[in-house]
Structure formats: structure tokens, C-alpha cells
Amino acid sequence: MSDQVISIVFFVLIIALTLIITAWASRRNVDTSHHYVAGGEIKGWQNGLAISGDYLSAASFLGIAGAIALTGFSGFYLSIGFLVAYLVVLLLVAEPLRNLGKYTMADMLASRFNTSSVRSVAALSTITISMFYMIAQLNGAGALIGLLLGFPYWISVIGIGILMTVYIVAGGMIATTWIQIIKAVLLIAGSLLLSILVLSKVGFNPFALFSQVESELGKEMLSPPPPSGLVAGLDVISLNIALVLGTAGLPHILIRFLTVPDAKTARSSIVTATWIIGLFYLLTPVLGYGAALFVGQKEIEEANVAGNLAAPQLAAQLGGPVFFAFISAVAFATIVAVVAGLVVAASSAFAHDFYSNVIRHGEETEREQFRAARVTAVGISVVAILLAIPLGSLNVAFLVALAFAVAASANVPVILLTIFWKRFNTTGAIIGMLLGLISAVVLVIISPNVFTGPSPEPPATPIIPIDPIFPLKSPALISVPLGFLGCYLGTLLGGRGAEREREQGIQRSYDEIRVRSLTGISDIEREIKQAAPEQEPRTT
Amino acid sequence: MVDRDAEWLRVERTSAFKELAQKKKAFIVPATIFFLVFYFGLPVLAGFTTILDGYAVGSVTWAYVYAFAQFAMTWILMHLYVSRANRWDDLVDRARNEATGEAGEAR
């Protein structure tokens, strides 16, 4: 069998497995609640695995290994930031979100601010973030399939698009969750095997791996790049702000906390996810340095300038063609599963937040909502494919970092202030989200990422031959404070004050939000008043 | 509407709810400040100084030691929080019972 045939066999096996799951899930995907959040019936460990699956995207598996292989320690920043981010999620966001939300992030904001403008802006930011993230994943998948199976980029992208549409339209969030779970297990198993192969080369001694890196590749690979001025230093900090805060604003991660029944399960799913994700990230230096040592930095760069194929190349080098095909198929499954999760997030934002609640004022029947959800999923997939085809040359890690920066700037301030700030009002929420969203995107466009100047340093290629106006590659250092500032100033200057908004019925009392977010009591009349008669025998 | 707000207020004023809110705040505020300072310590030290470039053990640099310490910090803080939060769940039930009892007596 030629190598390509082996690859095709593994790809077909993976696709068949996911389609079987979808067929099984489609019988349970019976209404809107199952479609968006699997009916809130997912168990803690299942959700933990699914979060890990959502999180360990192509950027994590392919991108970080490649970044460490080519740049050494700086690549590891991504691993640290992505992991520590779960403390922000666990301590500040997950439980209030579970207690206040229903299907989407906007639902959580709408539990306090009862206006369609807040919902619309939240839907806009969700769709923007998901699109950036989705284009990144499709990009990575197209390149991977092109290399392995020799299909042109656009055919690969359309193929993946059709697959993910089938998963979601037929199987909804149940199929998406189980595909994530299976994929997370495969990905961990594959990375573990690959790491064991690397460590077997150095006598199963991680210290020996570091020594070999030092002697063969040089000390620079083991330390952060030497300080080179204020801008470079600030850029590292800015990137780290986006990494640590961004997760708490990523729509496809946030909706995972709505698939579980209560805050306690949300907590336990984070524990599972954080252990899996952390152990995986501990393997990334082994994979990255292993690839640099045993494949060679030159060969990695030749296959892909950003190093995105380092992990599959390492598998081929150490495990032969079958293992290479297995790792490639796992990378493919990773991408397809993450894209499916993103389509659920983006389509629920459009169908549930914008169409059902803003355009139809929540007057649709259950059947109409369910249909709108499925039609929108197809629409979102088509748009993502149409955008991904011309944008095929953009760097995967850059697009993901951009998604994190937008999430950190547009969503995180408004989520935190909705939960914790008594005086917050609708004007503040809208201005904060818009300012965070727009400033993050604009700053990236005028940064060295897009305004490359006529002759940028390789491997960057010129995009717009104008010198950058904003010097940092990551916008978060400026755009996150702007997001908070927008919320604050909007509330102080433009609003009618939380009290007046309450009287007008466009804002719920903060007492209610505070009690709900801390306790999970959602239906006060039923839970308190109906419980009361049971007490009556005691009082009469 | 006003009546409904009164129900929420009733829960908010129970001693169990006050205890829950106070305990959560007493853990979350210092924990968040701590992990953010610890987290940003690495890029600040790495971006502006060379003190993490030296070797700690064998060929492992202090930068890697700091990085691995962040993994340990994440797992430790997570378990400290979750073990406490699981105990606090009882307070939610107590707050509900207290508010219910009050509502019963008010009739």
C-alpha cells in the first residue's frame, strides 16, 4: 500500500466514525434545546472532555508544536496562557454563566438587560469571533489535506464544510459534543504515543531531551528571546493578555457550560478539562523539541513556514507511514470537530439571539425556532467556506490569536460587569462591546500583521505595503482596557442609570442577578412561593 | 414586578446567602489577584530582563521552571476553589429554606 492509500483509509475511518455518531445523535436531536445545548443533559466528565476537544484545536496541536520546534520557548507562551485562562473561566465566569444563561452568551446578558440592542451586539461579536476562528481552522485543514491527499485547497475546504453541516443539521449539539469527546481521546492518545516515541530516543529522560536541544540547537531555544526594547516587551505582554482573558469570551467554549444541568457540574467539567488540557500542553515541548531534533528545523520550515506540519512530520519520522496517517487523521478530526462547535456557536447567535428574539420578538413557535436553527447552520457554513477560500494564505496561529484578542476585548468586559457591577446599564454594555470589538479589529489591521510595509522580515509576506501605524502585533494591551472603558463611560455618560432603566423595565434588578448568579435559583415564584405551603402546617 | 423583586430581596437578605457571597468573595478576589500577578510575572520578566535565562537544573532554564510552576499553580488553585465551592452548595439550600420559611411565616 502506498502512503497515500494508508492516509485515505484512516481519513475514511474517521469520517465514518463521526457520521455514525451523527446518525445516532440525530434521533435524540428533537427540539431547539437539544440542538443548541444538548438539552442541558451532558455529564460533568463528558463535558470536560468536550471542552478539551473544543479547546485543543489545530492551533494547539499543530500550531504550538510547530512554534516550539521553530522558535523554542516563545512557542510555549501559548500553552501557559491557554491553560491559566481556565482559572479566569472557573473563578469568574463559568458558574454565573451557567446560572444566568440558556442557549447563548447573549442570553446571559439578556437575563439582565432586556433590550434587543444588547442582544444584537452580542450576536454580532459572537459571529465575528467564531468566523475568525473558523477561517483559521478551515485554513489549517485545507493545507493539511492538500499535503496528505493532494487535493486542491478549495476542494478540501468545501469537503469539510459539507461534513460539518451534516453533523450539525442532523445531530446538533449532541453530535458535536460526542464527536469532540471521541476526538479528544484520540488526540490525547496520539500525542502521548508520539511523546513516548520522542522520549524513547533520549532514554525516557526529559532532562536529556533539554540537554540535547541545548547541544544541538543552541541555548536560545530554551530561553525567551533576549529583551529587545519596549515594543517587543509590550507585545509579549499584550499577547499574554489576549491568551489569558480570551478563553472566558470564546462563544464556543462558553456555550459548553450551558450543556450541563447546574453550576456544580460546570465546576467539575472544568476540573476534568483543565487536567486534560494541562497534561496535553506539558507534552507540547516534547513534541516541539522532538520535531526540531529528529525532523530538523529546516525540513519543518520547508513543509510549512509557520511549522504547522511539525507534529505529523515527527510522526512519520519516528513511527512510519501508518502512524503518520493516524496522526494526520487525528489532526483532521480535531479541525472538523472544532469547526462544528464553532458553527453551533455562530448559528445559535444568529438564529436564537438575532432572528428569534430581535426580528421575531420571541414569538416563534418551537418548530419554527428549531427550523431556523438548522437553516442558519447551513448559512453560517456557506459563509465560512466562501470567506476561507480567498483567505487561504493567512497564518493559522495569527487568526486564532486574533479571535482570542477580539473575545477578550469585546466579550469579557461586558460579561464580568454584567455579573459584578451594580450600576452597569444597557448603554455601557453596548458601547463596551462595540468599542472592544472594533478597536481589536482595527488595531490588528493597522498593525504589522496586515500593514506589513513593502518588505517585511521573512517568513511574513507583504499584504498591504504601508508601514504599520500600531506597532504591536497583538492588540489586547490597548483593546481590552478600551472594552472596559467603553462599558464604564457608556454607563456614566450615555445611560439613564441602572435604577431608571429598572423602572422602565429594560433592566432587571441587580439583586435578582446577584442572587441568580450565585445560587442558580432561576424561577423565584416557583421555587420560593410554591415551596412555602409545605411550611404552612408548621406555622398554623 | 415589585412583588417579584421582593422575593429576590428576601433570598438576598438571608444569613445563608450573605455567608455564601462573603465566602466566595473572600476566596475569589485574592486568588484572582494572585494568579494574574503570578501569570504576568513571566512575560514581564522575560520581556524586559534576562534573569530567567540561567539554568536551574541541567539544561532546564528558569523560564521553563517558572512556566511549569504556572501549571502547578493552575491545578492547585483550581482544586482549592472547587473543594470549597462544593461545600458552599449547602449554603444555597439553606438560603432557599430560610427564604421559604420566612415566606411561610409572612402568610
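The residue of the range A:360-383 that is farthest from the chain's Cα centre (by Cα), among those that are of a type in the set (Val, Ile, Thr) and farther than 15 Å from A:Ala345 by Cβ, is A:Thr365. Would you confirm whether any residue within the range A:453-475 is touching a residue at least 40 places away in the same chain (Cβ under 8 Å) and surrounded by 24 or more Cβ atoms within 10 Å (Cβ to Cβ)? Yes - at least one qualifying residue is present in the range A:453-475.
Yes or no, residue by residue, for (1) touching a residue at least 60 places away in the same chain (Cβ under 8 Å); (2) among the charged types (D, E, K, R); (3) in a helix (DSSP H, G or I):
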site: A:Thr265; (1), (2), (3): yes, no, yes
site: A:Ile276; (1), (2), (3): yes, no, yes
site: A:Gln317; (1), (2), (3): no, no, yes
site: A:Ile327; (1), (2), (3): yes, no, yes
site: A:Thr334; (1), (2), (3): yes, no, yes
site: A:Ala345; (1), (2), (3): yes, no, yes
site: A:Asn357; (1), (2), (3): yes, no, yes
site: A:Glu363; (1), (2), (3): no, yes, no
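Hey, does the range B:80-101 have a residue that's within 7 Å of chain A (Cβ to nearest Cβ) and among the hydroxyl-bearing types (Ser, Thr, Tyr)? Yes: one or more hits.
Given the criteria among the aliphatic types (A, V, I, L, M) and within 10 Å of chain A (Cβ to nearest Cβ), does B:Ala31 qualify? For B:Ala31, the condition - among the aliphatic types (A, V, I, L, M) and within 10 Å of chain A (Cβ to nearest Cβ) - is met.
Being surrounded by fewer than 24 Cβ atoms within 10 Å (Cβ to Cβ), free of Cβ contacts under 8 Å to residues at least 60 places away in the same chain and farther than 25 Å from A:Ser111 by Cα is a description that applies to A:Leu386. Remark: pairs (first residue in the range A:487-514, on the phi > 0 side of the Ramachandran plot; second residue part of a loop (DSSP other than H, G, I, E, B); Cβ separation under 7 Å; 6+ apart in sequence or on different chains) = A:Gly497/A:Asn425; A:Gly505/A:Asn114.
Count of the range A:1-40 residues, restricted to those that are among the small types (Gly, Ala, Ser), in contact (Cβ under 8 Å) with a residue 60 or more places away in the chain and under 23 Å from A:Gly320 (Cβ atoms), is 1. Close Cβ contacts (under 9 Å, 6 or more residues apart or on different chains) running from residues in the range A:71-85 that are more than 10 Å from chain B (Cβ to nearest Cβ) and β-branched (Val, Ile, Thr) to residues that are surrounded by fewer than 24 Cβ atoms within 10 Å (Cβ to Cβ) and not in a helix (DSSP H, G or I) comprise A:Thr71/A:Pro225.
Working only within the range B:38-59, note down all residues that are closer than 23 Å to A:Val231 by Cβ and assigned to a helix (DSSP H, G or I).
B:Tyr39, B:Phe40, B:Gly41, B:Leu42, B:Pro43, B:Val44, B:Leu45, B:Ala46, B:Gly47, B:Phe48
Would you confirm, using the coordinates I've provided, whether B:Val11 is in contact (Cβ under 8 Å) with a residue 60 or more places away in the chain and either more than 7 Å from every other protein chain (Cβ to nearest Cβ) or in contact with a Phe, Trp or Tyr (Cβ under 9 Å, 6 or more places away or on another chain) (or both)? So B:Val11 fits the description; yes. When A:Val118, A:Val93 are checked against the criterion of being within 14 Å of another protein chain (Cβ to nearest Cβ), under 21 Å from A:Phe257 (Cβ atoms) and in contact (Cβ under 8 Å) with a residue 40 or more places away in the chain, a single residue qualifies: A:Val93.
Results for (1) within 12 Å of chain B (Cβ to nearest Cβ); (2) under 29 Å from A:Ala333 (Cα atoms); (3) crowded, with 22+ Cβ neighbours inside 10 Å, shown as yes or no for each residue.
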position	(1), (2), (3)
A:His252	no, yes, yes
A:Leu258	no, yes, yes
A:Asp262	yes, no, no
A:Leu279	yes, yes, no
A:Thr284	yes, yes, yes
A:Ala292	no, yes, yes
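For the range B:34-61, the set of residues classified as more than 8 Å from every other protein chain (Cβ to nearest Cβ) and loosely packed, with under 13 Cβ neighbours inside 10 Å consists of B:Val37, B:Ile51, B:Gly54, listed by residue number. Scanning for something at pLDDT 85 or above and within 14 Å of chain B (Cβ to nearest Cβ), does the range A:340-359 turn up at least one residue? Within the range A:340-359 (the criterion being at pLDDT 85 or above and within 14 Å of chain B (Cβ to nearest Cβ)), the answer is no, since none of the residues qualifies.
The values are calculated or read from the model by the stated rules, or taken from the named source; none is laboratory data. Since this is a predicted model, take the numbers as computed values, not measurements. All Cβ positions, glycine included, derive from the backbone under ideal geometry; neighbour counts span all protein chains shown.
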